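Q: Below is one structure. I have some questions about it.
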Amino acid sequence: MQIGIVGACDCSEQVACNSSCSSGGTIGISGFLLPCKTYYLWIDGCNQDVCSFSLSANSGKAPKLSDFTLSRTNLNPICKGCCADFKVTPQAGGCLPNYVWTIDGSEMTTTSSEQANLCFPDAGTFTVCVQAVIGNPESGSICDEKTKCMSVTVTKKQDEIAKPLLLL
């Protein structure tokens, strides 16, 4: 039997692996895991074997998100057709959740970064929200989540009239 832990669904970010084809007994793996990050455990029989197995863990508990604030990095007005940077305060203890950024409920980006550059093609008042998530929202497996929102006003850039030009 082979067993491993990876940090991404596409099997990249290998954390721990035991790829020797053992035929019974106890197989142990360990690795350095970051708080709040989602990891994937894979188990594979060797040479097309079908195996029975059981799992046990030494310790652990579900992580919890600390409160955070959402802010804009530049307080200048946002003009129609422009982008603005938004950020959240980091989580305590090295926790690295995923952040889902939305404008008026429409998802713009999902990232593990604490900041996002969001663009506004139209003028108006919009609600920008960021949801910090520990787990996988797509599968419904969520350990903890918190959402913060703020209202932003996007203005139409004022028309400018050029100064008279004298041609000689």
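The values are calculated or read from the model by the stated rules, or taken from the named source; none is laboratory data. Quantities reported herein were computed from a predicted structural model and do not represent experimental measurements. Neighbour counts are summed over all protein chains in view; Cβ atoms, including those assigned to glycine, are modelled from backbone coordinates with ideal geometry.
Q: Inside the stretch 48-70, can you point out the residues that are in contact (Cβ under 8 Å) with a residue 40 or more places away in the chain and either closer than 30 Å to residue 116 by Cβ or in the same structural domain as residue 141 (by TED's automatic domain parsing) (or both)?
A: Matches in the stretch 48-70: 62, 63, 64, 65, 67, 68, 69, 70.
Q: Looking at the stretch 1-59 only, could you name the residues that are loosely packed, with under 12 Cβ neighbours inside 10 Å and not in a loop (DSSP other than H, G, I, E, B)?
A: 42
Q: Based on what the data block shows, is residue 88 in contact (Cβ under 8 Å) with a residue 60 or more places away in the chain, among the hydrophobic types (A, V, I, L, M, F, W, C), in the same structural domain as residue 146 (by TED's automatic domain parsing) and surrounded by 14 or more Cβ atoms within 10 Å (Cβ to Cβ)?
A: Yes, satisfied.
Q: Another one. Considering the stretch 22-62 alone, what residues qualify as being under 25 Å from residue 139 (Cβ atoms) and among the acidic types (Asp, Glu)?
A: The answer is 44, and nothing else.
Q: Condition test on residue 45, is it on the phi > 0 side of the Ramachandran plot and not charged (D, E, K, R)?
A: Against the criterion (on the phi > 0 side of the Ramachandran plot and not charged (D, E, K, R)), residue 45 does not qualify.
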